[in-house]
1. Go through the stretch A:132-185 and give me each residue that's of a type in the set (Lys, Arg) and assigned to a helix (DSSP H, G or I).
2. So residue A:543 passes all but one of these: (1) β-branched (Val, Ile, Thr); (2) buried (at least 19 other Cβ atoms within 10 Å of the Cβ); (3) in the same structural domain as residue A:389 (by TED's automatic domain parsing). Which condition number does it fail?
3. Against the condition within 30 Å of residue A:469 (Cβ to Cβ) and of a type in the set (Lys, Arg), how does residue A:640 come out, does it pass?
4. With respect to residue A:434, is the statement that it is outside the structural domain of residue A:596 (by TED's automatic domain parsing) and not in a loop (DSSP other than H, G, I, E, B) true?
5. Taking the condition crowded, with 24+ Cβ neighbours inside 10 Å, part of a loop (DSSP other than H, G, I, E, B) and either within 13 Å of another protein chain (Cβ to nearest Cβ) or touching a residue at least 40 places away in the same chain (Cβ under 8 Å) (or both), does residue A:406 pass?
6. Which of (1) out of contact with any Cys (no Cβ under 6 Å at 6 or more places or on another chain); (2) surrounded by 19 or more Cβ atoms within 10 Å (Cβ to Cβ); (3) assigned to a helix (DSSP H, G or I) is the odd one out, the single condition residue A:495 does not satisfy?
7. For the stretch A:619-642, how many residues are within 31 Å of the chain's Cα centre (by Cα) and of a type in the set (Gly, Ala, Ser)?
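The values are calculated or read from the model by the stated rules, or taken from the named source; none is laboratory data. Since this is a predicted model, take the numbers as computed values, not measurements. In this analysis, Cβ positions are derived from the backbone assuming ideal geometry, glycine residues included, and neighbour counts consider all displayed protein chains.
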Amino acid sequence: MNESAITREILGNIPVGLVGAFYLSTIAACGWAAMVLIRRASARHLARRPAQPPPPLGERLVSIARYLVFQEPLRRDRFAGVAHLLIVYGFFILIVGTSIVFLEHQTPLHFFYGWFYRIASLIIDLGGIALIVGLLMFLWRRHVAREERILQAWWVSALAWMLLAIAISGFALEAARIAVELPAFERWSAVGYAIASLLHAADVSADTLQVWHRALWGGHALVCALFFALVPWLFFGHMVYGAASWLQRRQRPLAALRTPVPAKLSPGAATVRALDWNDLLQADACTTCGRCNSACPAATAGKSLRPREIVLGIREALTDAGVAADADDLPGRFDADALWSCTTCGACNQVCPVGIDVYDKIVELRRASVEAGVIPDSAADLFEATAAGFNPFGKDNDQRLDWAQGSNPPVAEPGEAIDLLYWVGCAGSFDPDGQSISRSMIAILDRLGIRYRILGCRERCTGDPARRAGEEGLFQQCARENIATLAGHSVKTVLTHCPHCFNTLKNEYPEFGASFSVEHHSQFLARMIAEGRLSGMEGLGPVTYHDPCYLGRGNGETTAPRAVIDAMSDARVEMPRSGEESFCCGAGGGGLWLDIAGEDRVENIRSREAAETGAKTVVTGCPFCKPMLEAGNQSLPDGKSTVVKDLAELVAERMACPDGASK
Amino acid sequence: MPGWGFEMRRVAVIIGSARSETHAGTSMLPMSDRGAVALALARFGADVCAYAFDSAAGCFARAAGVETVAAISELKTGSVDVALVGRGGCGADGDILPARLAEESGAALVYDVIDVHWESDRLVVTRDLGRGARDLLSVRGRAVLIVSDSVARGPYVSRFRINAEKAASGESPARAEPGGIGWEPATPRVRLGDHASRVAGRAVERMNALFGVGGVAESAAHLVRGSAEECARHLLRYLSHHGFVERRVDGEDQGASGKTATTHSAEPKSQRASVGRVSIPLRVRRRPRCLNDPLLPTRGPFEIGVDL
């Protein structure tokens with residue numbers, strides 16, 4: 001058979017009027033969609049310009065290409081990830097296939113014949129199958145499995161059924177076309193040929209097939225045009241907005257908050273216009289999948305916070321802002337308890353498949369509440385204590401050295417240049433649990449003969465709790481004063497045992513002019529072990545490690561703490577949620593001071609997880625996590641209680657008593 | 001307090017003659033406001049009965065431990081020239097404790113006090129008139145400050161707003177001042193080591209602890225018996241320990257322990273008051289209020305009270 005004959009007539013059997021109607025309706029639908037997209041973009045651009053520029057375009061294109069091909073953020077939920085991958089790949093193949101047909105038909109190009117035709121037909125059919133299977137999986141989760149996190153909205157289902165109708169009608173009209181003559185080369189259109197063979201076997205007449213084909217084509221074209229019109233709307237919008245927001249996404253450690261550009265007196269998001277373009281683009285990109293809700297520790301503990309509802313509330317406010325100028329008020333849309341329940345652990349940001357920075361928006365809303373003066377008393381206490389005493393514990397800053405208890409750590413003289421500064425932090429200075437960590441660190445540093453200095457009473461809170469709780473002005477004041485102190489000592493490296501201080505000093509202070517390297521004590525201890533300067537600590541029994549959010553998820557450091565533990569114990573067991581997917585202790589975001597009621601407590605949930613591993617010792621690397629987990633211990637039944645230790649405490653113990661059991 | 005359940009949140013103090021059942025009035029005080037209870041008991045002696053809220057019965061019942069309440073206080077109040085009543089110091093239940101105190105002592109009553117600090121030999125009291133308006137009162141005389149831990153707080157004023165207001169008025173941006181501490185210091189919601197049981201952190205409890213009344217850990221061992229000067233030194237150490245006053249510059253407070261070393265911060269002499277031969281750098285600060293309404297005036301200072 002002549003290779004050039006292996007093709008098909010495009011738009012054969014379709015009246016010119018119907019073709020014209022299709023083109024007109026498609027152009028109208030695309031025009032409508034473009035108009036909606038532009039209007040939405042205009043509404044977003046009434047908001048603030050993002051303070052930080054996005055990464056270079058090349059990096060962003062690589063990032064989006066990698067995302068579209070591999071879809072890594074979706075693969076945490078394997079079933080949903082596979083379903084989405086099938087839908088995306090199938091949809092993409094069908095769009096490309098349709099474009100090929102369009103080019104063959106409407107341009108002088110002639111390539112849609114022979115082997116190209118056969119292979120293209122096969123791939124397009126496979127794409128159609130992938131789309132249908134993916135959509136069926138999607139609908140099964142929605143209507144049969146009814147997973148809790150899924151937003152049960154009729155319009156999401158309707159859009160899925162519409163896509164399914166497009167795919168099935170495509171196969172049906174292909175079958176109707178093939179069945180008229182049933183040429184052998186159409187076997188490459190596997191699905192269409194199989195259905196056509198059935199029609200042929202049923203002895204359906206050619207005239208009937210042509211009528212069916214024409215009707216199916218008309219229906220298919222109509223639904224496709226409708227699809228184009230609905231692209232910017234609701235659930236479908238994530239195809240455009242999701243990709244765009246991913247392109248604009250700022251590359252940064254997850255725990256690093258951005259610095260807002262205050263407009264006059266209002267650094268927070270009192271209205272949608274006080275957010276920036278990217279915030280609103282991200283709100284439009286939300287797929288309503290609910291991964292953030294299921295990952296949120298506050299939601300898990302039965303508190304009123306639902307991160308998805310925060311994002312959808314912002315989206316709704318943007319829509320309302322287009323209707324009435326004064327309808328874009330934000331804080332009034334949300335339950336205050338919900339806003340103050342957030343522990344800023346970043347789990348919502350991490351699991352979001354379209355990269356929405358959810359907790360950043362919650363902090364923006366908190367900032368607006370702070371500016372309005374409507375905050376919980378415990379938050380006001382926290383701010384006032386930090387402002388008055390430079391620490392959130394309400395202590396006199398002159399007591400900062402009380403933890404040392406005669407160990408005489410070297411306090412830097414004014415103006416003395418410091419190569420290694422041990423940043424004790426407020427918890428390490430004032431909280432008895434933290435003080436124990438500080439003393440352990442001093443013992444380790446002295447034992448290793450490391451030359452270091454501490455700032456003593458000139459150290460002040462980094463401002464982390466205040467910033468996460470929305471008091472940006474207080475944070476910036478703390479930051480500037482601390483940076484001035486550190487600059488006065490020409491500090492080269494800061495060592496700290498507090499992940500919150502670590503994150504703030506490392507990721508947020510540079511925006512205010514800081515230029516020093518920062519090391520968490522787990523990294524320092526792992527380095528000492530790797531260099532052979534710390535050894536002979538084996539013999540520790542079974543332990544489990546709780547990853548602090550601001551170290552693991554927030555800054556990607558999950559290996560160093562484990563290297564330190566492995567140098568002491570060969571029986572490390574992991575909790576179900578560990579590493580970068582760890583579960584919060586409840587202390588972040590001011591949570592150590594704020595106590596919003598829920599059905600359960602975050603720290604209790606985490607303590608139960610730790611106890612279920614069977615390990616009697618829970619190790620962590622954060623002076624905030626330690627008291628929280630100890631508090632959670634109180635909820636455990638008798639005999640299930642665990643001992644909570646910091647890495648430094650364990651190392652100091654093993655150094656002092658390497659052969660004995662953990663003290 | 002022995003015999004009083006934790007769930008009992010408020011105490012009713014009946015001021016009057018319990019024996020004759022003729023009560024002059026009722027003061028509804030927070031359970032934790034043991035200082036006020038003790039003060040009332042000390043002031044009115046046997047004419048006071050204490051009632052505790054019985055959550056099971058849903059009503060107030062005479063507290064069996066009233067003698068215990070009386071025993072915790074050895075406070076002997078002298079006459080008072082001015083009764084300063086902070087927000088919440090007079091509750092919605094019709095507290096008459098401040099009024100009774102004022103009446104008994106012939107003292108002036110000042111309500112809505114939001115800030116008190118020493119300037120030289122006088123107490124500067126800021127009284128809130130609402131909507132940002134203030135009265136500044138210069139008080140010289142014996143004063144009693146009545147506060148409550150159930151006070152309804154006003155709106156928080158952010159650093160951005162404070163700085164903006166200061167910038168608008170030509171002042172330099174706010175800087176945190178070292179050494180001070182607010183009335184209600186932040187309290188972590190989980191137990192932090194053993195501190196939580198020793199220093200609860202609420203203003204009223206700290207004040208009670210300061211005067212050796214109430215509190216779980218307080219006992220006779222807390223009492224200092226000695227000369228007036230020695231007692232004053234101990235009091236100063238105690239005040240500075242709890243953040244009510246700045247640490248001393250000179251070494252006078254070392255005499256109490258003999259070896260106590262503290263880190264000092266310089267304090268302007270204008271902020272010192274004098275009790276006997278002991279210099280007291282006393283400053284009590286409260287949170288800023290209503291700074292977003294700068295158009296309303298601050299009046300004063302008005303002189304009230306009598307010279308010591």
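1. If we filter the stretch A:132-185 for residues that are of a type in the set (Lys, Arg), which is where we start, we get A:141-142, A:146, A:149, A:177.
Selection gives A:141, A:142, A:177.
2. Failed condition: (3).
3. So residue A:640 does not fit the description; no.
4. Details: outside the structural domain of residue A:596 (by TED's automatic domain parsing): yes; not in a loop (DSSP other than H, G, I, E, B): yes.
Here the answer is yes, as residue A:434 does meet what is asked.
5. Working: crowded, with 24+ Cβ neighbours inside 10 Å: no; part of a loop (DSSP other than H, G, I, E, B): yes; either within 13 Å of another protein chain (Cβ to nearest Cβ) or touching a residue at least 40 places away in the same chain (Cβ under 8 Å) (or both): yes.
When the stated conditions are applied, residue A:406 does not pass them.
6. The one condition residue A:495 does not meet is (3).
7. Number satisfying all stated conditions: 4.
Listed here are the residues, each with its yes/no results for (1) away from every other protein chain (no Cβ under 14 Å); (2) under 21 Å from residue A:429 (Cα atoms).
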position	(1), (2)
A:476	no, no
A:483	yes, yes
A:490	yes, no
A:497	yes, yes
A:506	yes, yes
A:514	yes, no
A:531	yes, no
A:537	yes, no
